[in-house]
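Trainee: The structure under discussion is supplied below as structure tokens; questions concerning it will follow.
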Amino acid sequence: MVTLGNFFFHYRTTLSPLLLVFLFLPGPAVLVDPFVAAIAGLIVAGVGQLVRGTTIGLEYIVRGGRNHRVYADDLVTEGLFRHTRNPLYVGKFLMVLGAGIAANRWPPLLGITIAYTFMYHCVVLAEEAYLRQKFGAAFDQYCARVPRWLPRLGGLGQTLSQSGFKWTRVLIKEYSAPLGWILPIVLIGFYNLGWGAAFHERPSATAFLLAALGFAAVFWLMAGLLKKTRVLVEG
């Protein structure tokens, strides 16, 4: 599993988008109204984005490893890492789950969540093997008090109130993320509503989905421009 996890870690930026093919699998519907499914998907994915943004704003951990391999300078245990050892992956899971819900069919929902869970569970095992080898007893003690996945909510308010939050770091690191999950959810929403029928029969639903996509696109363009012109500087 560790070997497989290292493989997934190395190629995860290539493999993760391929999971989107699950969204178009046929099967029985989850909800009667596909627009409601799209809204539910946006909410769940939005919570995932909130988790990731909060994690990065409170205590940033180097992502992407080094040379596409697992790597860490320090053992990060503050911020949301006090409550789950993998808050960034928890947030990403909620984004993927949101896309699965928006697909509004059981095979896509189950397929994409199972595939993501398996891939990133292997990645986490590889990361843990590296951290245990590098930090030894300190990492074992951290594992003993903090769960791997399901967040421990006790003391969360204290963590949020006592930690400094860096908005610029969130914008720099995550400026493209909202478009990355809003775009597929909106597209799958229009696919389920019917491309032509959506504009004529569901104008309110169409307007909402287009507004969500427009917001994500404008945010991406503006934040990307600020980053490129170095108006945003990580603190």
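Derivation of every value follows stated rules applied to the coordinates shown; laboratory data play no part. This one's a predicted model, so the numbers in the text were calculated from it and none came from an experiment. Positions of Cβ are backbone-derived with ideal geometry, glycine not excepted, and every protein chain shown enters the neighbour counts.
Trainee: I need the phi-derived Karplus couplings for segment 175-192: 6.51 cos²θ - 1.76 cosθ + 1.60, θ = phi - 60°, integer Hz, Gly and Pro marked x.
Mentor: Result, ordered by residue: 4, 8, 5, x, 5, x, 9, 5, 4, x, 5, 5, 5, 5, x, 5, 4, 6 Hz.
Trainee: Another one. Under 18 Å from a label point 7 Å along Cα→Cβ of Leu20: give me every residue in segment 198-227 with its amide N that close.
Mentor: Hits in segment 198-227 for Leu20 at 18 Å: 209-221.
Trainee: Another one. Relative contact order for segment 58-208: what percent, with Cα pairs under 8 Å and sequence separation of 6 or more?
Mentor: After rounding, I find 32 percent.
Trainee: I need the shape label for segment 1-67. Rule: rounded when a/c is under 1.5, else prolate if a/b > b/c, else oblate, with a, b, c from the alpha carbon gyration tensor.
Mentor: oblate
Trainee: Next question, about the same structure. Please list, in chain and number order, the residues 5+ apart from Tyr71 or on another chain whose amide H is under 5 Å from its amide H, with Hs placed from the backbone.
Mentor: Gly65, Arg66
Trainee: Select from Tyr71, Leu42, Ile182 the residue farthest towards the positive end of the dipole of the chain; place +1 on Cβ of Lys and Arg, -1 on Cβ of Asp and Glu, and compute about the Cα centre.
Mentor: So the residue we want is Tyr71.
Trainee: Give me the base-10 log of I(q)/I(0) for segment 79-175 at each q in 0.16, 0.23, 0.25 Å⁻¹, Debye formula, one uniform scatterer per Cα, rounded to two decimals.
Mentor: One equal scatterer on each Cα of segment 79-175 leads to -0.88, -1.20, -1.23.
Trainee: Moving to a separate point now. Could you give each residue of segment 81-86 its phi-based ³J(HN,Hα) in whole Hz, using Karplus coefficients 6.51, -1.76, 1.60 with θ = phi - 60°, and x for Gly or Pro?
Mentor: 5, 6, 10, 8, 6, 9
Trainee: Could you compute the FRET efficiency for Ala211 and Arg69, with r as their C-beta to C-beta distance and R0 at 41 Å, rounded to 0.05?
Mentor: For R0 = 41 Å, the calculated efficiency reads 0.50.
Trainee: Cα centroid distance between segment 164-178 and segment 15-51, in Å?
Mentor: 24
Trainee: Please turn the phi angles of segment 105-115 into ³J(HN,Hα) values with the Karplus equation 6.51 cos²θ - 1.76 cosθ + 1.60 (θ = phi - 60°), one per residue in order, whole Hz, x for glycine and proline.
Mentor: Once rounded to whole Hz, the list reads 9, 4, x, x, 4, 6, x, 6, 6, 5, 5.
Trainee: What full-extension length gain, to one decimal in nm, is calculated for Thr13 and Glu78 as 0.36 nm per residue of separation minus the Cα-Cα distance?
Mentor: Taking Thr13 through Glu78 to full extension adds about 20.8 nm, to one decimal.
Trainee: Oh, and also: Please list, ordered by chain and number, the residues whose modelled amide H lies under 5 Å from the amide H of Arg105; skip anything fewer than 5 residues away on the same chain.
Mentor: For Arg105, whose amide H was placed from the backbone, the distant partners under 5 Å are Val30.
Trainee: When N is the residue count of segment 152-235, what does its C-alpha Rg come to as a fraction of 2.2 N^0.38 Å?
Mentor: Against the compact-globule rule of thumb, the ratio is 1.50.
Trainee: Okay, moving on. Take every Cα-Cα pair in segment 2-165 and report what % of them are more than 26 Å apart.
Mentor: Taking all Cα-Cα pairs of segment 2-165, the fraction more than 26 Å apart is 33 percent.
Trainee: Around Val2, what is the net charge, scoring Lys/Arg as +1 and Asp/Glu as -1 over all other residues with Cβ under 13 Å from its Cβ?
Mentor: Net charge around Val2: 0.
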